[in-house]
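Reading through the structure tokens given below for one structure.
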Amino acid sequence: MAMSQPITQQPTAAAPGALMQPPAGMEGVPPGLEYLAQVDQLLIHQLLELLEVLTGFETENKYVIKNAMGQQVYFAAEKSDCLERQCCGPARAFSMSILDNYQREVIHLERPCRCGGCCCPCHLNVLEVQAPAGNVIGYVNENWTMCIPELFVTDPAGANLFFIHGPCCPVKCYHDVDFPILTADKGSQVGTLTSQWSGCAKECISDAGNFSVTFPIDAPWQTKALLLSSAFLVDFMYYERANNNNN
């Protein structure tokens, strides 16, 4: 069944710190993932870590995930080895827990230590997505190219579901950077992953990034969970590296 395009009407802004109201339980949807059925856009804001800003000491990333009205939907926290964070930087292995507003882990991500890029085509990035924890619903895989960022989103068996590609130079410089989300055959666009420009001050002092992900409102919850998860891999592959090098 064809999926409709994301809704583009302007939502009403929520009060700072507001939480998205929990929806009613839905048959066949794990607890905490019902939120996904109500949204066609999620905003991902990485929290600024004062220790990292002042000392350059790489800390574990934390993110707040909001809906288009600014209401908090989820909170994401990285778990990784301290030595590996300092030595491997954005190539480090990590797990990430995505929690709902009741502190239940609704999505779990696993990413092994990877180099990736055009110089290392045999050790490409991959992100395993579990929802809930222990139930693999798919993967986000880097596709080797010489210069254009490309990712494939697959089901647990490895069948391609979506194709994500970015510009030849994905560096943010006073503008947002879009990564169109296409169907597996690349025939039509179903959403967009955007790395948002955060302003000169924040971009200069920190690698904490902001992202948005849009998708059809009627997409299955598994699809929305996979596309949300892909934003974290894009962050580590292209934006942690660039800012860490500047530090």
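The values are calculated or read from the model by the stated rules, or taken from the named source; none is laboratory data. No experiment lies behind these values; they were computed from the predicted model shown. SASA here: full protein model, heavy atoms, side chains in, ligands and nucleic acids out. Shrake-Rupley method; radii C 1.70, N 1.55, O 1.52, S 1.80 Å.
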Practice problem: Work out from phi, with θ = phi - 60° and the Karplus expression 6.51 cos²θ - 1.76 cosθ + 1.60, the ³J(HN,Hα) of each residue of the range 95-107, listed in order in whole Hz, and give x for Gly and Pro. | Solution: 10, 9, 9, 9, 10, 7, 6, 9, 6, 8, 6, 9, 9
Quiz item: Under a 1.4 Å probe, what is the accessible area of the range 37-138 per residue, stated in Å²?
Solution: 43 Å²
Quiz item: For residue 137, which sequence-distant residues (separation of 5 or more, or a different chain) have an amide H within less than 5 Å of its own amide H, given hydrogens modelled in the peptide plane?
Solution: 129, 130, 131
Quiz item: Of 78, 105, 84, which has the most accessible area and how do the rest follow, probe 1.4 Å?
Solution: 105, 84, 78
Practice problem: Can you spot the aspartates and glutamates whose alpha carbon is less than 18 Å from residue 224's alpha carbon? Ignore those fewer than 8 places along the same chain. | Solution: 27, 34, 40, 100, 105, 110, 128, 155, 178, 235
Quiz item: ³J(HN,Hα) across the range 67-79 via Karplus (A = 6.51, B = -1.76, C = 1.60, θ = phi - 60°), whole Hz, x for Gly/Pro?
Solution: 8, 5, 8, x, 7, 5, 9, 9, 10, 10, 9, 7, 10
Exercise. Taking amide H positions as placed in the peptide plane 1.01 Å from N, state which residues far from residue 148 in sequence (5 or more) or on other chains have amide H under 5 Å from it.
Key: none
Quiz item: What does the convex hull of the Cα atoms of the range 63-176 come to per residue, in Å³, rounded to a whole number?
Solution: 145 Å³
Quiz item: What's the extension gain from residue 18 to residue 159 if we count 0.36 nm per residue and subtract their Cα-Cα distance?
Solution: 46.9 nm
Self-check item: Note, ³J(HN,Hα) from phi for the range 20-31, Karplus 6.51, -1.76, 1.60, rounded to Hz, x at Gly and Pro
Solution: 5, 5, x, x, 5, x, 10, 4, x, 10, x, x
Exercise. Could you look at the range 20-127 and say what percent of its accessible area is carbon and sulfur, using a 1.4 Å probe and all protein chains?
Key: 60 percent
